[in-house]
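All remarks here apply to the structure that follows.
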Amino acid sequence: MTTAVMGLASVGVLFGLLFARLPVWLALALIGIVGNIILSNVTVAQFIAGSTTFDMASKYGLSVIPMFILMGEIATESRLSATLFSSARIVLSGLRGALSVATIAASGAFGAISGSSVATAATMTRIALPEMRKANYKDGYSAASIAAGGTLGILIPPSIILIIYGAIAELSVPRLFAASLIPGILLLFLYVAVSLVLAGSNSGSQLSSDHPSFAERVKAALKMWQFAILFLVTIGGIYAGVFSPNEAAGIGSFAAMVLGFADGRLNVSGLLRSLRATAITTAALFMIVIGATMFANFVVQTRLPNLLIAATETLSLAPLTVMTIIILVYLILGCFLEGIGMVLITVPVFLPVATGFGYDPLWFGIIVVIVVELGLITPPVGMNIFIIQAQAPDINLVQLYKGIGPFLIAPIILIILLFLFPQIALWLPDKIY
Amino acid sequence: MSKLRTAIDLIIKAYLGVAMAALFAMMMTIVVDVFMRYVFNAPVVGAFDIVEICLVVAVFYSMGAAISGFHEIVIDLVDQLAAKWLVDALIRLAALLSAAALVFIFMSMLTPAMQSYQYGEMRLELKMPVWIVWAVALVGMCGGLMASIANVISPRVAHHDELPVGGDGQ
């Protein structure tokens, strides 16, 4: 058995372990450890396991992950999402499907702070779903708006998945954040368009009876000042070159804490809950990053990416065909795997193939995040769907699946646009840096 | 068995408290460093090292809580397809393999930790021996190991509402 075939077989074994309910970090670490023992010897495997674990957990660049998570947790604890939603519903009042659009807009804004799709979907379910039910929106449509809006959290910067992608691909986080901003905003508008079309075609909402004045709308918009401050301090600070991503994340967490306390919406026990959730999530994420690094180390040694490139060259496949195949693989995997695991398992294999065919790694990162987003709302596994169902168990899953269908069009359109116009992702980073 | 589980849970809770303190310290270090740099042009000496050490503490000391509370990311499709006894067996098997993997990683970390001690490796800014950070990491890792062992002897699946919803990166 050649080493490349061994690499390919290890991917199969990995999926076997994942479906046998092994935690993602453990499956990755086991394949990495055992693979390195087979390829080299126990001493080499020990050297890789020991140094990888310590290096990853003490990497200054990765301290950005817990800090952005903490900012999101504090914002969640401070119920910032509730303010965003109530402001958005007043600003958009009078529009058919206004509550759905407000949910998507508030999700996009909250995602810009939390960096987490699941957190956004979970909080929006609690806040927006009861309001949409009161307005007689259909459950499928309401839940689908929340699920789709929630996915914006991982594309609009700061995005934890992009930070992890940057660590694997050795790319600058500020450049990745710059690359994801325009596609993120574009996706938000595409979701809004889908929502409006659905509302107009009568499968959605009633026309709101509230008609606030222009002054009331401006006043409502101004209530989002806390969000504006956090966004300006963090993402604005990074884009302007004032802060490094780590500094922006730390200051963003601190600002969220100060704003929460000043506003009386955060107390000490709330802060402790945020720290607790952040610590646990950080450990869970770093364990995956450590396991994936061991796995990636093994995969690189097997030269599996080289085998794949050689195979595509032998078959004389065009770059576009190769990318289409990669995206299809992601879409299929996305139906069964969760996002971070998918990125960490596949990027070491697919990134060299994509760059080998001349695609920009920055652009590829954005494509990967969008397909991961699709995975979050694609049946049967779509994490956001389950998060919503867990909090609103009376919503029929079939109804939810039917509702989500039209929203899947938006990210697919965005992927097509990114293929046609790669500058959507590449223009801003080239302009700023 | 339940006394052992309770004792392990207490230790893991204390470890988690340490990790939470490290996260808070990391945030404050960054804020003070940036403030001092921009306002007084005098950055905090060793801020870089402190952040890295806090990260080590935050990761290793919360590992136990993540494992013990089943907060690791798992593909649980099999739960709907297989019998309960099989799912329980798979959970125990995962806990056993988790303990084995952590023991291997722990043993693997001993050699570089000892080399760091023998060669007198130092943190550049804090002038602190690096072996201390290795030792802190190894002690923290014991929490993960204890949690895995506790899950083997008496698995306790977390309730859904106990799960942290935010910042999972998705």
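With (1) closer than 16 Å to B:Glu72 by Cβ; (2) open to solvent by 20 Å² or more (accessible area, probe 1.4 Å) as the list, and A:Thr321 as the residue in question, which single condition is left unmet?
Of the numbered conditions (1) closer than 16 Å to B:Glu72 by Cβ; (2) open to solvent by 20 Å² or more (accessible area, probe 1.4 Å), the odd one out for A:Thr321 is (1).
Quick one: A:Leu152 ticks every box in (1) open to solvent by 10 Å² or more (accessible area, probe 1.4 Å); (2) among the hydrophobic types (A, V, I, L, M, F, W, C); (3) part of a helix (DSSP H, G or I) except a single one, so which number is it?
It fails just one condition, (1).
Answer with yes or no whether A:Ile395 is outside any loop (DSSP other than H, G, I, E, B) and either open to solvent by 30 Å² or more (accessible area, probe 1.4 Å) or touching a residue at least 24 places away in the same chain (Cβ under 8 Å) (or both).
So A:Ile395 does not fit the description; no.
If B:Ile132 satisfies every condition in (1) of a type outside the set (Ser, Thr, Tyr); (2) more than 25 Å from B:Ser154 (Cβ to Cβ); (3) modelled with pLDDT under 95; (4) open to solvent by less than 80 Å² (accessible area, probe 1.4 Å) but one, which is the exception?
(3)
When you go through (1) buried (at least 20 other Cβ atoms within 10 Å of the Cβ); (2) within 19 Å of the chain's Cα centre (by Cα); (3) among the hydrophobic types (A, V, I, L, M, F, W, C) one by one for A:Leu328, which number turns out not to apply?
(1)
For the range A:223-254, enumerate the residues that are away from every other protein chain (no Cβ under 12 Å), surrounded by fewer than 21 Cβ atoms within 10 Å (Cβ to Cβ) and either among the aromatic types (Phe, Trp, Tyr) or assigned to a helix (DSSP H, G or I) (or both).
Across the range A:223-254, the qualifying residues are A:Trp225, A:Ala228, A:Ile229, A:Phe231, A:Leu232, A:Gly236, A:Tyr239.
From the list A:Ala29, A:Ala20, A:Ala57, which residue is within 7 Å of chain B (Cβ to nearest Cβ) and surrounded by fewer than 20 Cβ atoms within 10 Å (Cβ to Cβ)?
Step by step, each of A:Ala29, A:Ala20, A:Ala57 is checked, and only A:Ala20 is within 7 Å of chain B (Cβ to nearest Cβ) and surrounded by fewer than 20 Cβ atoms within 10 Å (Cβ to Cβ).
Can you pull out every residue in the range A:92-136 that is of a type in the set (Ser, Thr, Tyr), surrounded by 24 or more Cβ atoms within 10 Å (Cβ to Cβ) and over 15 Å from the mean Cα position of the chain (by Cα)?
A:Ser100, A:Thr103, A:Thr123, A:Thr125
Name the residue that is farthest from A:Phe214 (Cα to Cα), counting only residues in the range A:73-87 that are away from chain B (no Cβ under 14 Å) and open to solvent by 10 Å² or more (accessible area, probe 1.4 Å).
Within the range A:73-87, the match that is farthest from A:Phe214 (Cα to Cα) is A:Ala82.
Can you name the residue in the range A:255-266 that is assigned to a helix (DSSP H, G or I) and open to solvent by 60 Å² or more (accessible area, probe 1.4 Å) and is also nearest to the other protein chains (Cβ to nearest Cβ) among such residues?
Here the answer is A:Val258.
Consider the range B:85-103. How many of its residues are more than 8 Å from chain A (Cβ to nearest Cβ), within 13 Å of B:Phe70 (Cβ to Cβ) and without any contact (Cβ under 8 Å) to a residue 24 or more places away in the chain?
0
Given the criteria touching a Ser or Thr at 6+ places or on another chain (Cβ under 7 Å) and within 14 Å of another protein chain (Cβ to nearest Cβ), does A:Thr103 qualify?
No.
For the range A:168-181, give me each residue that is within 26 Å of A:Pro352 (Cβ to Cβ) and either more than 14 Å from every other protein chain (Cβ to nearest Cβ) or surrounded by 21 or more Cβ atoms within 10 Å (Cβ to Cβ) (or both).
Across the range A:168-181, the qualifying residues are A:Ala169, A:Glu170, A:Leu171, A:Ser172, A:Val173, A:Pro174, A:Arg175, A:Leu176, A:Phe177, A:Ala178, A:Ala179, A:Ser180.
Pairs please, first residue from the range B:73-84 and over 16 Å from A:Val24 (Cβ atoms), second anywhere and open to solvent by less than 30 Å² (accessible area, probe 1.4 Å), Cβ atoms under 7 Å, 6+ apart in sequence or on different chains.
none
Only residues in the range B:27-49 that are touching a residue at least 40 places away in the same chain (Cβ under 8 Å) and within 19 Å of A:Tyr60 (Cα to Cα) count as the first member; pair them with residues that are open to solvent by 60 Å² or more (accessible area, probe 1.4 Å) and outside any loop (DSSP other than H, G, I, E, B), Cβ under 8 angstrom, at least 6 apart or cross-chain, and list the lot.
Once the first residue is touching a residue at least 40 places away in the same chain (Cβ under 8 Å) and within 19 Å of A:Tyr60 (Cα to Cα) and sits in the range B:27-49, its partners that are open to solvent by 60 Å² or more (accessible area, probe 1.4 Å) and outside any loop (DSSP other than H, G, I, E, B) give B:Ala47/B:Val32.
When you go through A:Ile385, A:Ile327 one by one, which is the residue that is within 14 Å of another protein chain (Cβ to nearest Cβ), in a helix (DSSP H, G or I) and touching a residue at least 40 places away in the same chain (Cβ under 8 Å)?
The unique qualifying residue is A:Ile385.
The rows are residues; the columns are (1) under 25 Å from A:Val218 (Cα atoms); (2) among the basic types (Lys, Arg).
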| position | (1), (2) |
| --- | --- |
| A:Arg79 | yes, yes |
| A:Ala105 | yes, no |
| A:Gly111 | yes, no |
| A:Asn136 | no, no |
| A:Ser142 | no, no |
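So which residues in the range A:267-291 are away from chain B (no Cβ under 12 Å) and open to solvent by 10 Å² or more (accessible area, probe 1.4 Å)?
Listed by number, the residues that qualify are A:Asn267, A:Ser269.
Which condition from (1) surrounded by fewer than 20 Cβ atoms within 10 Å (Cβ to Cβ); (2) within 30 Å of B:Lys127 (Cα to Cα); (3) without any contact (Cβ under 8 Å) to a residue 40 or more places away in the chain; (4) more than 19 Å from the chain's Cα centre (by Cα) is the one that B:Gly17 breaks?
(4)
Considering only residues that are among the acidic types (Asp, Glu) and open to solvent by less than 30 Å² (accessible area, probe 1.4 Å), which ones fall in the range B:45-95?
Correct list: B:Asp49, B:Glu52, B:Glu72.
Please enumerate the residues belonging to the range B:1-10 that are open to solvent by 70 Å² or more (accessible area, probe 1.4 Å) and part of a helix (DSSP H, G or I).
B:Ser2, B:Lys3, B:Leu4, B:Thr6, B:Leu10
Do we have any residue at all in the range A:44-51 that's touching a Ser or Thr at 6+ places or on another chain (Cβ under 9 Å), closer than 15 Å to A:Ala29 by Cβ, of a type in the set (Val, Ile, Thr) and more than 7 Å from chain B (Cβ to nearest Cβ)?
The answer is yes; a qualifying residue exists.
Check the range B:104-116 and report whether any residue there is open to solvent by 40 Å² or more (accessible area, probe 1.4 Å), more than 8 Å from chain A (Cβ to nearest Cβ) and over 26 Å from A:Asn41 (Cβ atoms).
no
Is it true that B:Gly64 is modelled with pLDDT of 90 or more and closer than 18 Å to A:Thr281 by Cα?
Judged against the criteria, B:Gly64 is a match.
The values are calculated or read from the model by the stated rules, or taken from the named source; none is laboratory data. Just so we're clear, the structure is a prediction, and the values are computed from it rather than from any experiment. In this analysis, Cβ positions are derived from the backbone assuming ideal geometry, glycine residues included, and neighbour counts consider all displayed protein chains. Surface accessibility is based on the protein's heavy atoms, side chains included, excluding ligands, DNA and RNA. Shrake-Rupley method; radii C 1.70, N 1.55, O 1.52, S 1.80 Å.
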